Structures are given as structure tokens and as C-alpha cells.
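For reference, the structure discussed in these notes is given below.
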Amino acid sequence: MPSAFPSALLGSGRPMTLRGAGHSCDGQTVTDGELLVTYAPDTAAAQIRELGDGLVEVPAGISWYGLERYLNRRGRAVPVLTDYLHASVGGTLSVGGIGINSVRYGMQVDHVERIQLIDGTGTSRWCSRTDHPELFRFALGGLGTVGLIERAVLRTVPYCRDTHVHRTYHATPTELVEHTERIAQRNDVDVYCASLRRGKFFSTTGWSENGPRRCRDESCAIVPDLPFVGHPDTERPVSPSAGHVRLWTDYLVPAGQLAPMLAAVETLRHHAPLNGVLRMLYVLIVRRPPDTTSFAFTPIDSAPISIGLGVYTSVHGDPTTTAATQRVFRDLLERCCELGGRPYLYGVNNLDRALAERLYRNSLDQLAQVRAAHRLENVNAHLPLVRAALSI
């Protein structure tokens, strides 16, 4: 699309929702207004610029899949990749970006040097920790509430082809918690995730290293290009079962608080409505780099090490069942807040003003001021975060 098109559309004053690849839940990119798609992914690779010193400038519409393939051919890699690689760079940076490498590198937004942001006047400006720092802090992880991310400059790391992957099965939730908390206190792990699937708890721990040194038993496998395992070259989204909707959400709590958070989920999953609709629990560890930015709405505020717990359900689409499941999610969000944690705003989170104030303190008032100053009243106005910021 022409480079002037996004600026002209945002400056038009028409109601709109900013959209990347459209991979979201809870209707975050669906509205009765207009949809704005940043760039076509198949043309975005031609717009990558290598800046030296491991920095790369990319259009926000490129997919992480395309970017990682491009970088690997040049001996570089993205530090953190989520489990779905066909999301757009700009869309994922608007929620935070967490994956199996977060145990080593934190969130995707922690590796952003600067972004080019278009506000509601159509003005495009570069924002960083030193230039327009307030916009930078609110845009990354901010769900597109302070403008459209047009381009981003990202820090990369050297590409390592092989990951030495160890899988461990856990007989009880307590064993899983204790194992995860131990891994969270280590600083030598490159990959970690754990999950409950089909009634079984297991975890995966990995090290990025070429060669056979770490694999000495049958529980270990050397996996080349781990991010792409089972990932198609083109996007092939799997639809929910007929008549069902996916209600997904993730909660992040400080390290040391996984046990009470998992206990809350375990209590609820054995009773209606979660009994029978829970498809997976997913655990990630997030160790943020030192001296990183404290973003306004990312799922981690100041905790240096956090643990994420994802709750993924497939629910019959009738209003009664979905409303009951959303009430369970609200109870879990309250518990997360009590434990000093935050939700990952990509998911289903029923934020009202009172709960949003507990989570984000004075950032809500600042968000309202920034949106007014940059004429963003028409952009993403349907989001609960915006409604909470504007409510009296």
C-alpha cells in the first residue's frame, strides 16, 4: 500500500480498529467500524533494512515467520518468538510477546530499540526510550491505544541452529510447580515451557547449543530450528469445533507465586463451567533483561522474573456458557491481581475501571491524556482498556 495511506486514514477522524494479522481473541480486532491492516505480509520482506550492530528495521506488517527466516539466512535470530509465527510484528509488539525463549530474553518488546508511530492526526514520529518516551512506553504492550506502529527497529541475537531439549513428566501439580520455580531461579536455561494436556503435566527445558554435549539420556533430543517445528510455511489457522468459541487468557505472577495461582485454576477446572471445556494449561517463565523499560500495560510491571499461566478453553458458543466461563476468568484475574500479577491483555479479560486502577494505577489517566493530545478518540475506542481509562 502507499506509504501515505496509513497516515491519511488515521488522520481522517473516522472510527477504526487497528489490525495486524487479525490473530486475536475476545474480538479485539473486530468492530462495527473500519479495520486497518498495516501491510501485506508477502511484500513486507523487501522493506527490511539491516542497520548493523545486530539491529534490523522492519515494517510492522511483516510476520515473525518471514522475519525469522530472513534473519536465519544471515546468521541472526529474533531473541523471543511466540508459538504462533504468522502474527504480525506490530500486532505482537502491541501486546508484549512472550514465548519459550522468554526464560532467557524476557518479552519481545524488551528488544525494541525504537518504533515509528502514527497518531490520530496522521503524524508519524520515531519513538524510543529517549525520543517521545511516553508514547514508546504506552505503545508497546498498549493494544494500539496510542496509535499505529508502522515500523520497528529490533535487536537480534546470533543464530544457533540446534536446541538440546529435555522433557520431564510430573506426577502432580505440586511437582510441576516446584520444578518450574527451580528453573526460574537458574540463569543458564534458554528454553522453558510446561503444560497440562490430556490430564498429564510435563515440562520442556532446552539449551541453544550446536553439538551433542548436553544430550546424554533418552529424555533429550537435539532439535534443529525449534521455532519452526510443526509450523507451516503458510498460515493455516485451525477453526474451533462447530458451535464453539475459543476463550483464552494468560496470567503472569511474580516468581514464587505460581503455586497459589495454579491452585486457583485447579480448584475451578474440576467444577463447571471449566470442567470439560479446558483444553490446555500452559506455563512460561519470563526473565526480563536488566535496565529494561517499565511499559504501562504489559503483563509484567517491575518483577525481574515472572511466571505465566495460560488457561485455554473451547466453550459452546451459547451466551449462558460463555458468560459463565468469563466469570471464572474474572475470578482468576482477581486472584492474579492479589498475587501481584497482571493479565496478558491479548486474552479474555473483563476490565472495569476499579480493577484496571488496581492493576495500572495512574497509567489509565495518562492514557486518557495521551489519547486526547494525539486525537485518538476514534481509534480502538471499543477496547476495555480504553473504556476503563475514559470512565468516570
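The values are calculated or read from the model by the stated rules, or taken from the named source; none is laboratory data. Bear in mind that the values here come from a model prediction, so they are computed numbers and not experimental data. Note that each Cβ is placed from the backbone with ideal geometry, even for glycine, and that neighbours are counted across all protein chains shown.
Within the range 227-261, the set of residues being of a type in the set (A, V, I, L, M), crowded, with 20+ Cβ neighbours inside 10 Å and at pLDDT below 95 comprises 247 only.
Here is a yes/no grid of residues against (1) loosely packed, with under 15 Cβ neighbours inside 10 Å; (2) more than 15 Å from residue 248 (Cα to Cα):
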residue	(1), (2)
325	no, no
328	no, no
334	yes, yes
338	yes, yes
347	no, no
350	yes, no
355	no, yes
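Of all the numbered requirements in (1) over 22 Å from residue 382 (Cβ atoms); (2) assigned to a loop (DSSP other than H, G, I, E, B), residue 144 misses one, and that requirement is (1).
Consider residue 198 carefully, then state whether it is out of contact with any Gly (no Cβ under 7 Å at 6 or more places or on another chain), of a type in the set (Lys, Arg) and in contact (Cβ under 8 Å) with a residue 40 or more places away in the chain. Here the answer is no, as residue 198 does not meet what is asked.
Among the residues of the range 279-302, those that are of a type in the set (A, V, I, L, M) and over 11 Å from residue 140 (Cβ atoms) comprise 280, 281, 283, 284, 285, 286, 300.
Can you go through 274, 278, 284 and tell me which one is under 14 Å from the mean Cα position of the chain (by Cα), under 15 Å from residue 196 (Cα atoms) and buried (at least 19 other Cβ atoms within 10 Å of the Cβ)? Before the answer, list the steps.
Details: 274 fails: under 14 Å from the mean Cα position of the chain (by Cα); 278 fails: under 14 Å from the mean Cα position of the chain (by Cα).
Of 274, 278, 284, the one residue that is under 14 Å from the mean Cα position of the chain (by Cα), under 15 Å from residue 196 (Cα atoms) and buried (at least 19 other Cβ atoms within 10 Å of the Cβ) is 284.
Restricting the first member to the range 103-124 and to residues that are surrounded by fewer than 19 Cβ atoms within 10 Å (Cβ to Cβ), and the second to residues that are part of a loop (DSSP other than H, G, I, E, B), the beta-carbon pairs closer than 6 Å and six or more apart or on different chains are 121/11; 121/375; 122/11. Pick from the range 294-317 the residues that are of a type outside the set (Gly, Ala, Ser) and surrounded by fewer than 18 Cβ atoms within 10 Å (Cβ to Cβ): which of them is nearest to residue 145 (Cα to Cα)? The residue in question is 304.
Inspect all residues belonging to the range 154-163 and state whether any of them is part of a loop (DSSP other than H, G, I, E, B) and either touching a His at 6+ places or on another chain (Cβ under 6 Å) or acidic (Asp, Glu) (or both).
Here is the first cut: in the range 154-163, the ones part of a loop (DSSP other than H, G, I, E, B) are 156, 159-161.
Add one more test, that the residue is either touching a His at 6+ places or on another chain (Cβ under 6 Å) or acidic (Asp, Glu) (or both), and what stays is none.
No, that holds for no residue.
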